[in-house]
1. Listed residues Val54, Val71, Val91, Val64; which is within 16 Å of the ligand (Cβ to nearest atom) and modelled with pLDDT of 95 or more?
2. Within segment 108-130, identify whether any single residue is closer than 30 Å to Ile208 by Cβ and in contact (Cβ under 8 Å) with a residue 24 or more places away in the chain, and answer yes or no.
3. One residue is enough: does segment 166-182 have a residue meeting the conditions part of a helix (DSSP H, G or I), crowded, with 19+ Cβ neighbours inside 10 Å, among the β-branched types (Val, Ile, Thr) and at pLDDT 95 or above?
4. Sort out which residues of segment 26-53 are closer than 10 Å to Leu157 by Cβ and either touching a residue at least 12 places away in the same chain (Cβ under 8 Å) or of a type in the set (A, V, I, L, M, F, W, C) (or both), and write them in order of number.
5. May I ask you to verify whether Glu313 is in contact (Cβ under 8 Å) with a residue 60 or more places away in the chain and assigned to a helix (DSSP H, G or I)?
6. Mind checking whether some residue in segment 294-310 is closer than 30 Å to Val71 by Cα, modelled with pLDDT of 95 or more and either surrounded by fewer than 15 Cβ atoms within 10 Å (Cβ to Cβ) or of a type in the set (Lys, Arg) (or both)?
7. Residues being outside any helix (DSSP H, G or I), in contact with a Leu (Cβ under 9 Å, 6 or more places away or on another chain) and not small (Gly, Ala, Ser): count how many of those fall in segment 17-54.
8. In the list Ser128, Ser79, which residue meets the criterion of being within 16 Å of the ligand (Cβ to nearest atom), among the polar types (S, T, N, Q) and at pLDDT 90 or above?
Amino acid sequence: MDSRNGPEAPQESNVKSFFNSAPPLRDGDLICNKLKEFMDRISLSSENGSPVRVVCVTSGGTTVPLEQRCVRYIDNFSSGHRGAASTEYFVKAGYAVIFVYRRGSCQPYCRYLPQDSFLEFFDLTEDSTIQVCQSHATMVKKAIRDYRKAVEEGLLLKIPFTTIFEYLQILQMVAKSMSWTATRGMFYLAAAVSDFYVPWESMAEHKIQSAAGPLDMRLTQVPKMLSVLRKEWAPSAFCISFKLETDPGILLQKADMAMRKYGMHVVVANELATYKEEVIIVTKGRRTAVRRHNKETDLEEQLVYLLDEMHYEYIKQGGA
Ligand code: PMT
């Protein structure tokens, strides 16, 4: 029902109350300026004579704080590898990428750096100069060159988040800043987004005490922002969401449902046990399996290639 003519639909009021109760972004003005600068530059660039396409890639898991002065939180599974790898391939395909990522998660062009044995990457020479080990030098040189090129050409903007509150506010800001890109805009929502949260006003301020015994906590459902994104924030953009399940028996059915219910153009379905090896691209009436060729290749390379083609077709058809 139209909210101007009567009571608001439950989804609409859930969205409103989520944003009203969310703590405002600490660096909201800075993000806003960075987005504006990035978009201004992009609007003047071209890709083979046509305006540049822009994709917002979301990556990593959102957290749900349990206390306002947060000591404990609920986390979502995601290393950020898929988003980081996909970002590299989108840049390679000529897209400008807004990489919205969880702080501390995997970064584009740094995916090969070992996190737990970082020091093994370096050698100390006799005169105490630090250098990258010869065995890794080729890889690091390529990563540095690709990263610098992306940044210098103005094709990569990185915006970090941690909590579900930050993530959804940033997604909204990015969507608004991309509105001028119309069908040339794309959303590639690989982040693992919390389904339940504690509203800020009902959250304990201080660390919850264990002396009080077992903890009973009621979590509120996070409104699904996919339909809001499609209908209000970015109605012309090409939207791709991901569907992660652990039960293969329900995966495709849930992906089909996300297509219908949220009006996604593509849903990429993956199963926890095999998500690095295989995904299924679900579109209206079609399912395409994408498998990783071998351990040396990235599944995301093929995935981005196919999505790039679909997006191109979408633009050609005027967003139909
Ligand atoms: O980062 P990696 O370790 O490489 O792993 C990649 C991945 C497995 C996390 C990725 O491929 C993936 O599947 N991401 C989506 C995970 C997820 O949140 O799935 P879901 O089924 O819970 O949600 C489906 C979609 O709804 C998501 O695109 C999400 O953006 C959206 N959503 C979810 C909850 C919510 N409240 N609002 C939303 O809009």
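The values are calculated or read from the model by the stated rules, or taken from the named source; none is laboratory data. Everything quoted here is computed from the prediction, not taken from an experiment. Backbone-built Cβ (ideal geometry, glycine too); neighbour counts: all protein chains shown.
1. Result: Val64 is the single residue among Val54, Val71, Val91, Val64 that is within 16 Å of the ligand (Cβ to nearest atom) and modelled with pLDDT of 95 or more.
2. no
3. Yes - at least one qualifying residue is present in segment 166-182.
4. Residues satisfying the conditions are Ile31, Lys34, Leu35, Phe38, Met39, Arg41, Ile42.
5. No, not satisfied.
6. no
7. So the answer is 1.
8. So the residue among Ser128, Ser79 that is within 16 Å of the ligand (Cβ to nearest atom), among the polar types (S, T, N, Q) and at pLDDT 90 or above is Ser79.
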